[in-house]
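Q: Got a structure for you, questions after.
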Amino acid sequence: MKFFVDTANVAEIRRINEMGIVDGVTTNPTIVAREGRDFETVIKEICSIVDGPVSAEVTGLTAHDMVTEARSISKWSNNVVIKIPMTMEGLKAVKILSKEGIKTNVTLIFSVSQGLMAMKAGATIISPFVGRLEDIGVDAYQLIADLRHIIDFYGYETEIIAASIRSVQQLEKVTKLGAHIATIPDSLFEKMSSHILTTQGIEQFMKDWETFEKREK
Ligand code: E4P
């Protein structure tokens, strides 16, 4: 199971990366715009911090525009992956890019058929959005399980990133269902690392140790 961090904030990426458990980074136009910095500068900086794949999204809507952007972005670093929206034009772009050896992450996947089409087009990664599906009352976990089954059954090389993860429970569920990767917002790492019994346990150990040390003096 790989953990990607879902942010374009370089300070957050450095902080999380220090734990040694980050395998990659995902961004999208909303996340990059939030930083108020130049797109190319931010992506290049992230790629220099993290060794694993860093997803950078195209904003063109035609296959021609997406491919032109993707070819340019792919030169920024050898660990950049091009995020392409799940549309018919997007699939055309993925087909061309995969033939050129450019890695792609097909994003905004909400159904089995979308995921299957992206796999067939040659997507390196697909991003089903768990949180956004749950927002509209759809079973996102069945989608993750179905996509994983299809990959294994038909032998596709595509990997699943469970995206739009907002809670520890969501993260744990997609892990058990076989998502290859989860992309996680910075704030969730703290919650994942915490448990009330861990906090109480540390407090008790410290208290008992102080009592012991006082007795020994
Ligand atoms: C990552 O690839 C997605 O862009 C991101 O996880 C979307 O998350 P959100 O639904 O919380 O915006």
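Q: What residue, among those in the range 1-13 that are in contact (Cβ under 8 Å) with a residue 12 or more places away in the chain and of a type outside the set (V, I, T), is farthest from the ligand (Cβ to nearest atom)?
A: M1
Q: Could I ask something else about it? Report, ordered by the first and then the second residue, all pairs with beta carbons closer than 6 Å, sequence separation of six or more or different chains, a first member in the range 14-32 that is within 14 Å of F3 (Cα to Cα) and among the small types (G, A, S), and a second member that is open to solvent by 10 Å² or more (accessible area, probe 1.4 Å) and within 16 Å of the ligand (Cβ to nearest atom).
A: G24/G52; G24/P53
Q: Hey, can you tell me all the residues within the range 63-85 that are open to solvent by 60 Å² or more (accessible area, probe 1.4 Å) and either within 16 Å of the ligand (Cβ to nearest atom) or not in a helix (DSSP H, G or I) (or both)?
A: Listed by number, the residues that qualify are K75, N78.
Q: Out of the range 86-101, which residues are open to solvent by 20 Å² or more (accessible area, probe 1.4 Å) and either of a type in the set (V, I, T) or outside any helix (DSSP H, G or I) (or both)? Break it down into steps so the answer makes sense when it comes.
A: First pass over the range 86-101, keeping only residues open to solvent by 20 Å² or more (accessible area, probe 1.4 Å): 86-89, 91-92, 95-96, 98-101.
If the condition is that a residue be open to solvent by 20 Å² or more (accessible area, probe 1.4 Å) and either of a type in the set (V, I, T) or outside any helix (DSSP H, G or I) (or both), then M86, T87, I96, E100, G101 are the ones that fit.
Q: Does the range 50-94 hold any residues that are at pLDDT below 95 and in contact with a Cys (Cβ under 7 Å, 6 or more places away or on another chain), and which are they?
A: Residues satisfying the conditions do not exist here.
Q: Hey, another quick one. Inside the range 18-52, can you point out the residues that are more than 12 Å from the ligand (Cβ to nearest atom), small (G, A, S) and within 18 Å of I181 (Cβ to Cβ)?
A: Listed by number, the residues that qualify are G20, G52.
Q: Okay, moving on. Being among the small types (G, A, S), outside any helix (DSSP H, G or I) and loosely packed, with under 15 Cβ neighbours inside 10 Å is the filter here; which residues of the range 31-55 pass it?
A: Within the range 31-55, just G36 meets the criteria.
Q: Same structure again: Tell me yes or no: at least one residue of the range 125-132 is on the phi > 0 side of the Ramachandran plot, small (G, A, S) and either within 14 Å of the ligand (Cβ to nearest atom) or surrounded by fewer than 19 Cβ atoms within 10 Å (Cβ to Cβ) (or both).
A: No, that holds for no residue.
Q: Could you please find all residues in the range 178-209 being in a helix (DSSP H, G or I) and open to solvent by less than 90 Å² (accessible area, probe 1.4 Å)?
A: Scanning the range 178-209 gives D186, S187, L188, F189, M192, S193, T198, T199, G201, Q204, D208.
The values are calculated or read from the model by the stated rules, or taken from the named source; none is laboratory data. This one's a predicted model, so the numbers in the text were calculated from it and none came from an experiment. Reconstructed Cβ throughout: ideal geometry from the backbone, glycine too, with neighbour counts over all protein chains shown. We work out accessible area using only protein heavy atoms, side chains counted, and drop any ligands, DNA or RNA first. Shrake-Rupley method; radii C 1.70, N 1.55, O 1.52, S 1.80 Å.
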